[in-house]
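The values are calculated or read from the model by the stated rules, or taken from the named source; none is laboratory data. Note that the structure is a prediction, hence the values are computed from the model and not measured. Side chains included, ligands, DNA and RNA excluded: accessible areas come from the protein's heavy atoms. Shrake-Rupley method; radii C 1.70, N 1.55, O 1.52, S 1.80 Å.
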Amino acid sequence: PLLEVWPLLRRTPLSPGVFRNRNLFRALSFLWCVQIFLASGETLASDRTRGWLFRIAHLFGPFLSDSLLAAAHLLLRKGAHAVEYGILAFLVYHAWAKPKDPSRSSLAPALGTILFCAAYALTDEFHQWFVAGRGASPLDWMIDLLGATAVTLICSKSNSRRDLSVHP
């Protein structure tokens, strides 16, 4: 089994061959969903990450105001939502996208990816509702969806320009 995986590990992330292995992307999509679930726990609650950011920032710039750090913390947290779901969209899109076929719409894999990410983001917000120090937020869900949609559009445009020659 390790010998079968070794050629996949030797490829660079930008190697065209990497995009051909949909099963690898399916496994990575699952693992990323697990990571999102674990990151939604109490450990990364806003109160805890604020403390980390403030301590680190004061080491490098003790002159920074608390209001500036609070704004940076908010931007960092909301940006993390977009990036987290952008990565999920990238993985899910490549797990299910097929080679460009003029007889088929290229819209289906993109819509499927966006719908999957939107649904998973809803379950993530629902999960956070029950976690101490966390809460469900429609704004976070919209930011998740924005990140997923942006990356899906990039992937879809990229897919229409190259032949993926996907293997099942």
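Under 5 Å between amide hydrogens, which residues at least 5 positions from Lys98 or on another chain qualify, with H placed 1.01 Å from N in the peptide plane?
Long-range HN contacts for Lys98: none found.
Ranked from the most accessible area to the least, with a 1.4 Å probe and all protein chains present, what is the order of Phe30, Phe37?
Highest to lowest solvent-accessible surface, that is Phe30, Phe37.
Would you kindly find the accessible area of Val92, with a 1.4 Å probe and non-protein molecules such as ligands, DNA and RNA excluded, rounding to the nearest 10 Å²?
About 10 Å², rounded to the nearest 10.
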